[in-house]
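Chemist: One structure follows; several queries about it will come next.
The values are calculated or read from the model by the stated rules, or taken from the named source; none is laboratory data. Small disclaimer: the values here were computed from a predicted structure and weren't measured. Note: ideal-geometry Cβ built from the backbone for every residue, glycine included; neighbour counts use all protein chains shown. When the accessible area is computed, the model is the full protein with side chains, heavy atoms only, and any ligands, DNA or RNA have been set aside. Shrake-Rupley method; radii C 1.70, N 1.55, O 1.52, S 1.80 Å.
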Amino acid sequence: MNRRKETTMSAYQDAFDFAATEPELFWKQQAQSISWFRFPETILSNDEHGIERWFADGELNTAYLALDYHVDNGRGDQTALIYDSPVTGKKARYSYRVLRDQVAKTAGMLASLGVEKGDRVVIYMPMIPEAAMAMLACARLGAIHSVVFGGFAPSELAVRIEDAEPKVVLTASCGVEVSKVIPYKPLVDQAVMDSRWKPDSVVVFQRKECLADLNQARDIDWVTLFNRSAPHDCVPVKATDPLYILYTSGTTGKPKGVVRDNGGHAVAMKYSMESIYNVKPGEVYWAASDIGWVVGHSYIVYAPLIHGCTTIMYEGKPVKTPDPAAFWRVCEEYGVSILFSAPTAFRAIKKEDPEGALLTAFPMKKLRTIFMAGERLDPPTLEWVETKTQRPVVDHWWQTETGWAIAGNPLGLETFDLKPGSATKAIPGYQVEVLNELGEQQAMNEQGYIAIKRPLPPSCLPTVWRNHDRFESGYLSQFPGYYVSGDGGYIDEDGYLFVMGRIDDVINVAGHRLSTGEMEEVVGAHEAVAECAVIGIHDDLKGQLPLGLVVLKDGYVSENGAIEAELLQQVRAKIGAVACFKRALIVDRLPKTRSGKILRRVIRQIADGEQYVVPSTIDDPSSLNEIEKALY
Ligand code: COA
Ligand code: AMP
């Protein structure tokens, strides 16, 4: 990694100051760490909307960086990807050369279906190697992938198909969960039926756990098409061309299509592997997540491969596949150096093996550090993991929108002492500030809106897919000159950032980001519901769980909880099992302000058993007693 000559005693501070004061020079130096087809002359510029763009005239190909570059530079025989699937009993290894060849043929398969640079491809697949190959094949063609998490229901998939307008949908016949096989093809058929946009082709990878009926004219068998496809070369793209769209929950029912560009993303991925994870090419890096989430995009697929590491696709859970030693077994078996997962995964392990008794069988000699993200790392989980594994645990904070950590302990630069509950410091490139309602900087230790001063560093979203206004209004217009993260928190006297939770209607269930607004739309659409509120309440395992409070229309009565059961079923059917919407309570009224705003924060505090202050603006204080009665 290049650094400027003038240095202080702190490598972190040097890098941080350099990136803040001379972002173009700093990122130009980082850009030299990857192999461009055309190195950018313009490092930072503005697009037609006045949004900062990185490396605008650079040309590259992300799949080339992830695969061909390594084959051409002596890593062809190194394992690029390990597939470990306790739910099916399968294991496989792919060298960089084999993976490159498979991806080139997968790209050829897509090209034979007419997919070209700029076309969209929706990927709705379980955690199998073909899913990663599909993503990389799109990147190879310059096509834009949009991966949809398998736990989402057909209507969620339909919304994404309608917005992304893919030429092709790639899927598998089924996903395999802990104790059930979930056929995907009927879900895809339903989604295509519900969507106004129809893809030309649906390519299905048949798994032996459940074969799909290829009964639509657009259906194609993956393996048959793959076998007759010719390998396709890497297509050069502009740094600012989109690599992917990843939909994430916002405050309304419609998810936001976060756009990630090729150049900034590749540079940030590479930089993060060195500066944050402190991992070397050739080492084994395991993000125990799912490719449906941003963690899976960045740290199962792109960053480890761009960096020349071995990555692991694990099709299983931290527990029950078959037991709470699953993570330790994988770390031991493959010599994992860096493990990255969500705190909820470790809470699940802790619940089933509180003493960490199963750990003793796995020395995990190569495991150096455990990283966590997706939700706040609660101090008891931090302490448990540190004590039981005897490894440093690093919390780092980031979002789908950024694609990499905004704050963390940048081990490749400097190791800071931990403060439980804090994500440590802003990563070089991010200028994180805590602002009050007026957009002024909060005093130290005062909570407020966590915002990032522009320019945002490479990889951060430049827009929302086909809805630029939503990008401006949702992130940029509240505080001019800043990006608003949607999280609240504070910075302490040592510059440590404490992220305390969302300040909007987004909740975090088992590390999965979900919109309560969207759940309210589903619940509110039930014919018996007059009004409702869905809030996220504390859960020891999953961090948060949604709770619905429902007021029925006059004349409706729920016999033996029938309406509540219907509401749970509807959220499951419309959003998916992943929403974990398992509790709806009927109340006579909802606590509101005199102007009619539902007092969600107070309801949440009551549900979590926290102290609360009755707001002076409340319309009828006795409505709070009703909530207490319904809950306890
Ligand atoms: N396809 C289909 N269904 C899925 C799915 C997928 N890919 N992933 C989850 N589901 C279903 C589950 O089967 C479950 O359904 P159920 O209600 O019928 O039981 C539901 O969605 C909820 O799943 P999940 O949140 O995974 O809960 P769980 O109880 O099965 O497991 C944990 C709990 C904590 C073990 C699990 O959530 C976990 O490992 N989390 C890690 C977090 C993570 O990877 N976060 C990503 C960011 S780092
Ligand atoms: P996602 O876009 O799905 O990655 O979710 C991003 C959101 O998850 C953030 O805005 C936070 O609310 C939360 N989050 C992620 N990582 C952390 C963390 N380390 N600490 C606190 N919250 C986190």
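Chemist: Lys320 fails exactly one of the following numbered conditions: (1) over 22 Å from Tyr430 (Cα atoms); (2) within 15 Å of ligand 1 (Cβ to nearest atom); (3) open to solvent by less than 10 Å² (accessible area, probe 1.4 Å); (4) not polar (S, T, N, Q). What is the number of that condition?
Modeler: (3)
Chemist: Sticking with this structure for a sec: When segment 68-81 is examined, which residues are found to be touching a residue at least 60 places away in the same chain (Cβ under 8 Å) and assigned to a loop (DSSP other than H, G, I, E, B)?
Modeler: Hits for segment 68-81 are Arg75, Gln78.
Chemist: If we keep just the residues of segment 323-341 that are of a type in the set (Gly, Ala, Ser) and not in a helix (DSSP H, G or I), which is nearest to ligand 1 (Cβ to nearest atom)? Full working, then the answer.
Modeler: If we filter segment 323-341 for residues that are of a type in the set (Gly, Ala, Ser), which is where we start, we get 325-326, 335, 337, 341.
Then keep just the ones that are not in a helix (DSSP H, G or I); that gives 325, 335, 337, 341.
Working: Ala325: 14, Gly335: 22, Ser337: 18, Ser341: 6 Å.
Applying the filter and picking the extreme gives Ser341.
Chemist: When you scan segment 289-332, how many residues do you find that are farther than 23 Å from Arg391 by Cα, hydrophobic (A, V, I, L, M, F, W, C) and either within 16 Å of ligand 2 (Cβ to nearest atom) or free of Cβ contacts under 8 Å to residues at least 12 places away in the same chain (or both)?
Modeler: 4
Chemist: Go through segment 559-583 residue by residue and tally those that are in a helix (DSSP H, G or I) and of a type outside the set (A, V, I, L, M).
Modeler: Step one: list which residues in segment 559-583 are in a helix (DSSP H, G or I), which gives 559-574, 577-579.
Next, from what is left, pick out any that are of a type outside the set (A, V, I, L, M): 559-561, 564, 566, 569-570, 572, 574.
Total satisfying the criteria: 9.
Chemist: Within segment 272-294, can you find the residues that are within 16 Å of ligand 1 (Cβ to nearest atom) and in a loop (DSSP other than H, G, I, E, B)? Spell out how you get there, then give the answer.
Modeler: Of segment 272-294, the ones within 16 Å of ligand 1 (Cβ to nearest atom) are 272, 276-277, 285-294.
If the condition is that a residue be within 16 Å of ligand 1 (Cβ to nearest atom) and in a loop (DSSP other than H, G, I, E, B), then Ile276, Tyr277, Ala288, Ser289, Asp290, Ile291, Gly292, Trp293 are the ones that fit.
Chemist: Being within 12 Å of ligand 1 (Cβ to nearest atom) and not β-branched (Val, Ile, Thr) is the filter here, so list the residues in segment 574-595 that pass it.
Modeler: Filtering segment 574-595 for residues within 12 Å of ligand 1 (Cβ to nearest atom) gives 575-582.
The answer is Gly576, Ala577, Ala579, Cys580, Phe581, Lys582.
Chemist: In segment 616-629, is there at least one residue being open to solvent by less than 50 Å² (accessible area, probe 1.4 Å), part of a loop (DSSP other than H, G, I, E, B) and not charged (D, E, K, R)?
Modeler: no
Chemist: Can I ask one more? Return the residues of segment 372-407 that are over 18 Å from the mean Cα position of the chain (by Cα) and open to solvent by less than 20 Å² (accessible area, probe 1.4 Å); say none if nothing qualifies. Let's see the steps before the verdict.
Modeler: Taking segment 372-407 as the starting set, the residues that turn out to be over 18 Å from the mean Cα position of the chain (by Cα) are 378-393.
Matches in segment 372-407: Thr381, Leu382, Val385, Thr389, Val393.
Chemist: Continuing with the same structure: Does segment 323-348 hold any residues that are among the β-branched types (Val, Ile, Thr) and open to solvent by 10 Å² or more (accessible area, probe 1.4 Å), and which are they? Walk me through it before giving the result.
Modeler: Taking segment 323-348 first, the residues among the β-branched types (Val, Ile, Thr) are 330, 336, 338, 344.
Thr344, the sole residue that qualifies.
Chemist: Read through the list (1) open to solvent by less than 30 Å² (accessible area, probe 1.4 Å); (2) in a helix (DSSP H, G or I), then give the number of the only condition that Glu162 fails.
Modeler: That leaves (1) as the condition not met.
Chemist: Here is a further query. Among Val115, Val98, Val121, which is assigned to a strand (DSSP E or B) and either open to solvent by less than 10 Å² (accessible area, probe 1.4 Å) or away from ligand 2 (no atom under 16 Å from the Cβ) (or both)?
Modeler: Numbers: Val115 fails: assigned to a strand (DSSP E or B); Val98 fails: assigned to a strand (DSSP E or B).
Among Val115, Val98, Val121, only Val121 is assigned to a strand (DSSP E or B) and either open to solvent by less than 10 Å² (accessible area, probe 1.4 Å) or away from ligand 2 (no atom under 16 Å from the Cβ) (or both).
Listed here are the residues, each with its yes/no results for (1) closer than 15 Å to Lys582 by Cβ; (2) among the aromatic types (Phe, Trp, Tyr); (3) open to solvent by 10 Å² or more (accessible area, probe 1.4 Å).
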residue: Asp504; (1), (2), (3): no, no, yes
residue: Ser515; (1), (2), (3): no, no, no
residue: Glu521; (1), (2), (3): no, no, yes
residue: Gly524; (1), (2), (3): no, no, yes
residue: Ala528; (1), (2), (3): no, no, no
residue: Leu541; (1), (2), (3): yes, no, yes
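Chemist: Mind checking which pairs have a first residue in segment 342-362 that is under 12 Å from Ala326 (Cβ atoms) and a second that is among the small types (Gly, Ala, Ser) and within 13 Å of ligand 1 (Cβ to nearest atom), Cβ under 7 Å, 6 or more apart or different chains?
Modeler: Once the first residue is under 12 Å from Ala326 (Cβ atoms) and sits in segment 342-362, its partners that are among the small types (Gly, Ala, Ser) and within 13 Å of ligand 1 (Cβ to nearest atom) give Ala345/Ala288.
Chemist: On to the next question. Looking at segment 55-67, which of its residues are open to solvent by 10 Å² or more (accessible area, probe 1.4 Å) and either part of a strand (DSSP E or B) or closer than 9 Å to Arg140 by Cβ (or both)?
Modeler: Glu59, Tyr64 - these are the residues of segment 55-67 that are open to solvent by 10 Å² or more (accessible area, probe 1.4 Å) and either part of a strand (DSSP E or B) or closer than 9 Å to Arg140 by Cβ (or both).
Chemist: Same structure, new question: Does Val148 satisfy being crowded, with 24+ Cβ neighbours inside 10 Å, more than 12 Å from ligand 1 (Cβ to nearest atom) and either acidic (Asp, Glu) or modelled with pLDDT of 95 or more (or both)?
Modeler: Details: crowded, with 24+ Cβ neighbours inside 10 Å: yes; more than 12 Å from ligand 1 (Cβ to nearest atom): no; either acidic (Asp, Glu) or modelled with pLDDT of 95 or more (or both): yes.
Criteria not met by Val148.
Chemist: Now for a separate question. Give me the pairs: first residue in segment 187-201 and closer than 8 Å to Glu162 by Cα, second residue at pLDDT 95 or above and open to solvent by 10 Å² or more (accessible area, probe 1.4 Å), beta-carbon distance under 6 Å, and six or more apart or on different chains, which are they?
Modeler: Going by the 6 Å Cβ cut-off, the qualifying pairs are Ser195/Glu162; Arg196/Glu162; Trp197/Glu162; Trp197/Glu165.
Chemist: Continuing with this model, one more query. Take the residues in segment 116-145 that are charged (D, E, K, R) and in contact with a Phe, Trp or Tyr (Cβ under 8 Å, 6 or more places away or on another chain), then tell me which one is farthest from ligand 1 (Cβ to nearest atom).
Modeler: Applying the first criterion (charged (D, E, K, R)) to segment 116-145 yields 116-117, 119-120, 130, 140.
From what's left, in contact with a Phe, Trp or Tyr (Cβ under 8 Å, 6 or more places away or on another chain): 130, 140.
Details: Glu130: 15, Arg140: 25 Å.
Filtering first and then ranking leaves Arg140.
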